[in-house]
Structures are given as C-alpha cells and as structure tokens.
Amino acid sequence: MTHEGSVSRARILRRALTPPEARLWVRLRRRALDGLKFRRQHPIGVYVLDFYCVKAMLAVEVDGETHAGRGDHDARRTRWLERQGVSVIRIPAEQVRVNLDAVLTFIASTVRDRIRS
C-alpha cells in the first residue's frame, strides 16, 4: 500500500471507529487530556494508527477482536514504527469499556514520560 492509499484508508476509518475507539476519542479529542493534541486514524508510512500524539511521538492502539491472530503483523508494525521514533502502546478494547479512567491515566503518564525524555 502506498502512503496515498493509507491516507485514503485513514479517511474511511475515521468514519468507522469501533465503539471502544469512539469512546476513547471522546476523551482525547479537542485537547481534553492534559491539553495534549491527538489525531485519530493517523497515517504514518503505510500504516494507520488509531490515535497519535505528535508532540510525544506516541501511537495509542486499541486492540479488540480484530487483532486476534495478528500478533506477528502487529509486532512487525510496532518494530517499524519504533524505527521511525514512534512509541506504541496497546490498550485492550475491554479496558476502554470497563476502566476508561485508568486507561486515560496511563496514556497521560506515558505521554508525559515521552515528552520529558
């Protein structure tokens, strides 16, 4: 897939967030988390990240049922992103559903740590 293809795919994905992604996005958008700007379905190379904080170069991936059996793909993707300087955190979709406040605390803490270093 080309970069242009990932941009087109990102546009489509922005309109089709999963329920956990939509729930998290409500709490990340408009700098709602510690004044930090996040982008949703952000393309980097051929990949589309669920959420991305440019300032911290941090990708937040919400892993739901569609990630079952994709461990090798996700690992390759993470390694490639890390070579680009992007740190990746993976949040189980179930945690977004049942413990959103703890998820937000973890994301904010990770962003602060990345910005400091």
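The values are calculated or read from the model by the stated rules, or taken from the named source; none is laboratory data. Values in this document were obtained by computation on a predicted structure and should not be read as measured data. Here Cβ is always computed from backbone atoms with ideal geometry, including for glycine, and neighbour counts include all displayed protein chains.
So that you can scan it fast, the table gives a plain yes or no per residue for (1) among the acidic types (Asp, Glu); (2) farther than 13 Å from residue 21 by Cα; (3) not in a loop (DSSP other than H, G, I, E, B):
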| residue | (1), (2), (3) |
| --- | --- |
| 43 | no, yes, yes |
| 48 | no, yes, yes |
| 52 | no, no, yes |
| 56 | no, yes, no |
| 60 | no, no, yes |
| 72 | yes, yes, yes |
| 81 | no, yes, yes |
| 90 | no, no, yes |
| 108 | no, yes, yes |
### Message
Against the definition (surrounded by fewer than 18 Cβ atoms within 10 Å (Cβ to Cβ), at pLDDT 95 or above and not in a strand (DSSP E or B)), how does residue 27 come out, yes or no?
### Response
yes
### Message
It is to be established whether one or more residues within segment 35-56 are surrounded by 15 or more Cβ atoms within 10 Å (Cβ to Cβ) and among the acidic types (Asp, Glu).
### Response
yes
### Message
residue 94 - would you say it is under 17 Å from residue 42 (Cα atoms) and either touching a Lys or Arg at 6+ places or on another chain (Cβ under 7 Å) or part of a helix (DSSP H, G or I) (or both)?
### Response
no
### Query
Within the set of pairs 6 or more residues apart or between chains, which connect a residue that is farther than 10 Å from residue 38 by Cβ and modelled with pLDDT of 95 or more inside segment 48-70 to a residue that is charged (D, E, K, R) and surrounded by fewer than 16 Cβ atoms within 10 Å (Cβ to Cβ) with Cβ atoms less than 6 Å apart?
61/90
### Query
Is it the case that residue 88 is in contact (Cβ under 8 Å) with a residue 60 or more places away in the chain, in contact with a strand residue (DSSP E or B) (Cβ under 9 Å, 6 or more places away or on another chain) and under 26 Å from residue 27 (Cβ atoms)?
no
